[in-house]
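Enquirer: Dumping the structure here so I can ask a few things about it.
Each reported figure results from applying straightforward, stated rules to the coordinates on display, with no laboratory input. Source: prediction; values computed, not measured. Positions of Cβ are generated from backbone atoms using ideal geometry, with glycine treated the same way; all protein chains shown enter the neighbour counts.
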Amino acid sequence: MWKEHVVFFNFEVDTRPSESEMRKVRGGDIAMIFQNPMSSLNPVFTVGSQIAEAIELHQDAEKSEIVKKIVEILSKVGIPNPTERMDDYPHEYSGGMAQRAVIAMALSCNPKLLIADEPTTNLDVTIQAQILELMKALRKDFGASILLIGHDLGVISELSDRIAVMYAGKLVESSDLDGIFQKPMHPYTQALLESIPRLDVKTERLRIIPGTVPRLIKPPPGCRFHPRCEHAMKICSEQEPQLTEVDKGHTVACYLYTANNKSNRSR
Amino acid sequence: MSETMLEINNLTKYFPIYGGVLLRQVAAIHAVDGVSFDIKRGETLGLVGESGCGKTTLSRVALRLIEPTAGAVRYLGRDLFKLSNQEMRKLRLEMAMIFQDPYACLNPRMTLADIVGEPLTIHGLARGEERKRRIVELVKKVGLAPFHMYRYPHEFSGGQKQRIGIARALASNPKFLVADEPVSSLDVSVRAQILNLLEDLQEEFGFTYLYISHDLSTVKHMCDRSHDLSTVKHMCDRIAVMYVGKLVELAPTKEIFANPQHPYTEALISAIPIPGRRASEKRIILKGTVPTPIDPPPGCRFNPRCAFSQPFNPRCAFSQPICAKKEPELIETRKGHFVACHLRK
């Protein structure tokens, strides 16, 4: 029952790529960093051999060249003594080190797009700071684009140029950093920002979003957020709002901001 | 200053590691090592630290859920470890714990009513109609409905489960509550509900909290309540920072954020990404990882990662700075601000 949509990558492919073509892209031009580094590494292979696998699949390289490459990439992500540590098994690595190894694996084929799914969720804050610093440096060195997925708005702010907010399977708002945090438009974004304790400002009382996230088996009709929204109008439950650009580079899917509802726009 | 609720004195807990053919003790995990502090009545003391630094062990020893290796815990002046089991059981009425993982701390075979009613039965607080009335009252207090009473834990969401855990903790009318990472396993939007509930309950019943978390933002939120000082006078909410089994800093919330004295606290605060703000250049990035508590570094446990304690000449035995040699003691550098660092004397 799935609908097919073409996802354009680099705007070169305009037909659906075959599975073998996709295999070249995966791990090559598009690489992914998974959420839990410990479970995304295979416990029965050494870290080095797992990085080697990615390189072997995508590049023509001699064995000695591959080893050289692994050592180089491991030292780039900040693993001490890479020549020895590449022969270690994942359990011999700490959480932060394992995450570095996973990042090294993703970077081993110079990806153009790096998808990072909550790359620091399982790490302590001081280690998280190290990893974020590393990703920033690597973005600069490799010039890769990053799609950073996460729920920690602090982490997102650190790395992102643009932020898109998702709710129940739909994109509800997208803008640059200041747009989202200084002028949040969608009621969900607004409520989300007020519900988190902040270090920088004194939080008196946290905002509560009533209800829970809907089940996606039967999402609410119209705007998926309307049952929990304090501004919900009649139209919200009837028709789905479309993402519209209301400010330069700031798009939002909410009837409060669309043209046929001028009375609410001045809010 | 108000009355001291809990006094922790030089508390130490080592977990032995057995090994070899004869299974002799070969090493020990120094989970909590000589920690002392006190908690005033009506206060929220926040305990922060990275994973594995001994926060949870400390809270367990403080409630005598496990026996310490050394040290004392006094609850309203009574040494918990000198009490008999019967006496301890009576005291347990006044202390309760809200656990970290609401999925794991509820018995899947018990209904909500059984779970919340169990402390009432165990302590003989209420039975029959009275017990039922009390359960309904507790269930309502934490924001659940009476029709939920005969449901099993799997029928609730994570936030609701944590509410059940809180209702159970409230059942015996405690005075002192330990909340061990009560929101870390919950969704961001549900966290606010639980934090607000904990605050409301404190205001209503005058609870004393030991609030444990690795997340400085929620700890700051919970331990910074100067806005409702009208209810409890002289209340002074503080934050304690732990590092590898040791307390490194203890100060009032405002003070610790405005003026962190220990290099670790400073790094910890600066490491937290702030929503809506790009990282500043001033951020302190700590090198290395937290050392293992099996073999903690000599001297100050933070010294291998500390920017201020670089040995002048690492090859010369005499030029080692004091940090790697002598363990710093927790001393009061200004009023109410304690820090364990050789640089702050």
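Enquirer: Assuming R0 = 60 Å, can you tell me the calculated FRET efficiency for the pair A:ARG215 and B:THR4, based on Cβ-Cβ distance, to the nearest 0.05? List each step's numbers first, then the result.
Expert: Values: r = 49 Å, r/R0 = 0.82.
It comes out at approximately 0.75.
Enquirer: Right, another one. Cα centroid distance between the stretch A:240-256 and the stretch B:238-301, in Å?
Expert: 41
Enquirer: Whole percent per 10 Å bin, from 0 to the bin with the longest distance: what is P(r) over all C-alpha pairs of the protein assembly as shown?
Expert: Once binned at 10 Å, the Cα pair distances of the protein assembly as shown give 3, 14, 22, 25, 20, 12, 4, 0, 0.
Enquirer: How much length is gained on full extension from B:ILE294 to B:HIS154, taking 0.36 nm per residue of separation minus their Cα-Cα distance?
Expert: Values: separation 140, 0.36 × 140 = 50.40 nm, distance 3.77 nm.
Full extension of this stretch gives 46.6 nm more.
Enquirer: Here's a follow-up. Can you work out the FRET efficiency for the pair A:ALA137 and B:ARG133, with r the C-beta to C-beta distance and R0 = 60 Å, to the nearest 0.05? Present the calculation step by step, with values, prior to reporting the outcome.
Expert: Details: r = 62 Å, r/R0 = 1.04.
Efficiency, from the Cβ-Cβ distance: 0.45.
Enquirer: When the C-alpha atoms of the stretch A:125-231 are aligned to their principal axes, what extent does each axis show, in angstrom, from largest down?
Expert: Reported extents, whole Å, longest axis first: 45, 34, 24.
Enquirer: If you keep only loop residues by DSSP, which GluC sites (Glu not before Pro) in the stretch A:160-210 have at most 12 other Cβ atoms within 10 Å of their Cβ? Kindly include the intermediate steps, with their values, before the conclusion.
Expert: Numbers: sites: A:GLU173, A:GLU194, A:GLU204; in loops: A:GLU204.
Of the GluC sites (Glu not before Pro), the ones in loops of the stretch A:160-210 whose Cβ has at most 12 other Cβ atoms within 10 Å are A:GLU204.
Enquirer: Just to check I understand the Karplus step: with θ = phi - 60° and J = 6.51 cos²θ - 1.76 cosθ + 1.60, what whole-Hz values come out for the stretch A:25-35, glycine and proline as x?
Expert: Values, residue by residue: 6, 5, x, x, 6, 10, 10, 10, 10, 8, 5 Hz.
Enquirer: Determine which lysines satisfy two conditions relative to A:LYS218: a Cα distance under 21 Å, and not lying fewer than 8 residues away in the same chain.
Expert: A:LYS3, A:LYS170, A:LYS234
Enquirer: Same structure, new question: For A:MET32, list long-range residues whose amide hydrogen, built 1.01 Å from N in the peptide plane, is under 5 Å from its own amide hydrogen.
Expert: For A:MET32, whose amide H was placed from the backbone, the distant partners under 5 Å are A:GLY27, A:ILE115.
Enquirer: Taking a ≥ b ≥ c as the square roots of the Cα gyration tensor eigenvalues, with a/c under 1.5 meaning rounded and otherwise prolate when a/b beats b/c, else oblate, which class fits the stretch A:173-252?
Expert: Values: a/c = 2.37, a/b = 1.26, b/c = 1.88.
In terms of gyration-tensor shape, oblate.
Enquirer: Averaged across the residues of B:183-196, what count of C-beta atoms belonging to other chains lies within 10 Å of each residue's C-beta? Walk me through the numbers before you get to the answer.
Expert: Details: counts 1, 0, 0, 0, 3, 7, 15, 5, 5, 12, 5, 1, 7, 5.
That works out to 5 on average.
Enquirer: Could you point to the residue in A:HIS91, A:GLY249, A:ALA232 farthest towards the positive end of chain A's charge dipole, with +1 and -1 charges on the Cβ of Lys/Arg and Asp/Glu respectively?
Expert: A:ALA232
Enquirer: Still on this structure, please answer the following. How far apart, in nm, are two points set 7 Å out from the Cα along the Cα-to-Cβ line at A:SER49 and at B:ARG283?
Expert: It works out to 3.6 nm between the two label points.
Enquirer: Under Stokes-Einstein, with the Kirkwood radius over Cα pairs standing in for Rh, what whole-number D in µm²/s applies to chain B at 20 °C and 1.002 mPa s? Intermediate values should be presented prior to the final figure.
Expert: Details: Rh = 21.7 Å.
Rounded to a whole number, D works out at 99 µm²/s.
Enquirer: Sticking with this structure for a sec: Find how much the distance from A:ASP247 to A:ASP88 grows on full extension, using 0.36 nm per residue of separation minus their present alpha carbon separation; answer in nm with one decimal. Walk me through the numbers on the way to the answer.
Expert: Numbers: separation 159, 0.36 × 159 = 57.24 nm, distance 5.17 nm.
Residue separation times 0.36 nm, minus the Cα-Cα distance, leaves 52.1 nm.
Enquirer: Over the stretch A:151-202, with a single point scatterer placed on each C-alpha, what log10 of the ratio I(q)/I(0) does the Debye formula yield at q = 0.19, 0.20, 0.21 1/Å?
Expert: Values returned for q = 0.19, 0.20, 0.21 Å⁻¹ are -0.63, -0.70, -0.77.
Enquirer: Over the alpha-carbon set of the stretch B:75-212, work out the extent along each principal axis and list the three values in angstrom, largest first.
Expert: 42, 35, 27
Enquirer: Given axes a ≥ b ≥ c from the Cα gyration tensor, I'd like to know whether the stretch A:77-145 is rounded (a/c under 1.5), prolate (a/b larger than b/c) or oblate.
Expert: Values: a/c = 1.80, a/b = 1.25, b/c = 1.45.
Oblate is the answer for the stretch A:77-145, as a/c is 1.5 or above yet b/c matches or exceeds a/b.
Enquirer: Give B:LYS55/B:LYS254; A:LYS69/B:LYS282; B:LYS40/B:LYS90 a once-over and call out the pairs whose C-alpha atoms are over 24 Å from each other. Numbers along the way, then the final one.
Expert: Numbers: B:LYS55/B:LYS254 22 Å; A:LYS69/B:LYS282 33 Å; B:LYS40/B:LYS90 21 Å.
With Cα atoms farther than 24 Å apart: A:LYS69/B:LYS282.
Enquirer: Could you work out the relative contact order of chain A? I mean the mean sequence separation of Cα pairs under 8 Å and 6+ apart, divided by the number of residues, in percent.
Expert: Numbers: 347 pairs, mean separation 36.7, N = 267.
Relative contact order for chain A comes out at 14 percent.
Enquirer: Within the protein assembly as shown, what percent of beta bridges assigned by DSSP are antiparallel, to the nearest 5?
Expert: Working: 41 of 69 bridges.
Beta bridges within the protein assembly as shown, antiparallel portion: roughly 60 percent.
Enquirer: Can you list residues from other chains, or at least 5 along the same chain, whose modelled amide H is less than 5 Å from the amide H of B:ILE239?
Expert: B:GLY46, B:ALA251, B:THR253
Enquirer: Would you mind listing how long chain A runs along its three principal axes, going by Cα atoms, in whole Å with the largest first?
Expert: The principal-axis extents, from largest down, are 69, 50, 34 Å.
Enquirer: What is the log10 of I(q)/I(0) for the stretch B:42-115, computed with the Debye formula using one identical point scatterer on each Cα and no solvent, at q = 0.17 Å⁻¹?
Expert: For the requested q values the scattering log ratios are -0.86.
Enquirer: Arrange B:ARG334, B:ARG168 by Cβ neighbour counts within 10 Å, fewest through most, would you?
Expert: With the sparsest Cβ surroundings first, the list reads B:ARG334, B:ARG168.
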